[in-house]
Amino acid sequence: MPRLIEPGEDAAITLEELADRLDSTPFDPHDEESFAALGPLLARLGRNRHFLADLAIEELKLRCARQSAANGYGPQVFLLRPPNGRYVIRANFWPAADDAVVQASGTAPFFYGLPHDHNFPFLTYGYLGPGYWSDYFEYDGRAVSGAAGIDAGLRFVERSRLDPGKLMLYRMQRDVHVQLPPDRFSVSLNVLGQHPSHPWIDQYRFDIARGTIAEGLTTAPSEGLVTLAVHLGGGNGLDLAAHLLRHHPHPRMRRTAAAALVSANASAPDRRALLELTAGDRDSQVRLTVHSELESGAHNRSDADQFPADSGGVARRFPRRGA
């Protein structure tokens, strides 16, 4: 389960003081001890019993203009300090199951009942109310291939709640939780660690009953552009996707590039070249992406179309890996 941290007993601080301390303190979000050491600072903000209400009243007077302009998280989150490349500070709202907002919109906006991990570490503090419940599991995200249906090696730990004043560190690629509604409306405070590598660290939804990965939840912004480049960018788009397929260090991008190239209805020589290009990829899902996509369209092609005698264009369009 998330690591419990002693919150300390130092006096309350303001949001501005917390941000100043985070700005002036060197820390590595990938170093557990380094990031955990920031926890007592968040607890000191949590002892400030007025700052969040003051901010909420001010925001309401502005018709939520600031949140609308900068908050990309949705209605559950009150953004206190936007992403700056090192951290985010936010407050999370946790309505009870019988609260009007849940009755009106359901549980999905609050991520209740969604088994997931995180591709970043974050500190959390029980600020208001009895605290939301969670079923906690652990696993080793670094040892999982990422394919849907793969055994995740989940280990159930316990069901507990984020009690008032409780301070915890959610560890990236290790802690899995299924959040459940609190007994009464509750609020938590968070400091999220940020690093340029995080979009390329996979986050997952899990099938708890089977103990498997259900799906990946992470997409880097650049992934969404690859298919667009392939379909509308002509030879430049095809060449760029082929370059990503050959050289990108993350298998998720290589899978995206492979699927985009297959979906572009490439010529038969190009389809054969893709098979050759991905045959030696160290990630099995990259190889499966090409094979499954090609097989799904094979019934629309003759054998001659799939494997023509003249494939002289293969090397020019998609050179082999390492070429």
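Counting charges near ALA97 (Lys, Arg +1; Asp, Glu -1) among other residues having Cβ under 11 Å from its Cβ returns a value of -2.
For the pair the range 139-165 / the range 217-267, the C-alpha centres are spaced 31 Å from each other. For the chain, with all protein chains in place and a probe radius of 1.4 Å, 53% of the accessible heavy-atom surface sits on carbon or sulfur. Counting charges near GLU215 (Lys, Arg +1; Asp, Glu -1) among other residues having Cβ under 10 Å from its Cβ returns a value of 0. Cα axis of helix 284-296 to longest principal axis of the chain: angle in degrees, 0 to 90, nearest 10? Between the helix axis and the principal axis of the chain, the angle is about 60 degrees. Phi-derived couplings, Karplus 6.51 cos²θ - 1.76 cosθ + 1.60 at θ = phi - 60°, listed residue by residue for the range 43-60: 4, 5, 5, x, 7, 7, 8, 10, 4, 5, 5, 4, 5, 5, 5, 4, 5, 5 Hz, with x used for Gly and Pro.
At a probe radius of 1.4 angstrom, the accessible area of the chain per residue rounds to 49 square angstrom.
Using only alpha carbons, the range 1-159 has a radius of gyration to Kirkwood radius ratio (Rg to Rh) of 0.97. Could you tell me which label, among [x] 78, 45, 31; [y] 54, 45, 42; [z] 77, 41, 39, carries the value of Cα extents along the principal axes in Å calculated for this structure? Recomputing Cα extents along the principal axes in Å here gives the entry labelled [z].
Can you give me the relative contact order of the chain as a percent, contacts being Cα pairs under 8 Å and 6 or more apart? Result for the chain is 17 percent.
The values are calculated or read from the model by the stated rules, or taken from the named source; none is laboratory data. Fair warning: this is a prediction, and the values are worked out from it, not measured in the lab. Please note: Cβ atoms are built from the backbone with ideal geometry, for glycine as well, and neighbour counts cover all protein chains shown. When the accessible area is computed, the model is the full protein with side chains, heavy atoms only, and any ligands, DNA or RNA have been set aside. Shrake-Rupley method; radii C 1.70, N 1.55, O 1.52, S 1.80 Å.
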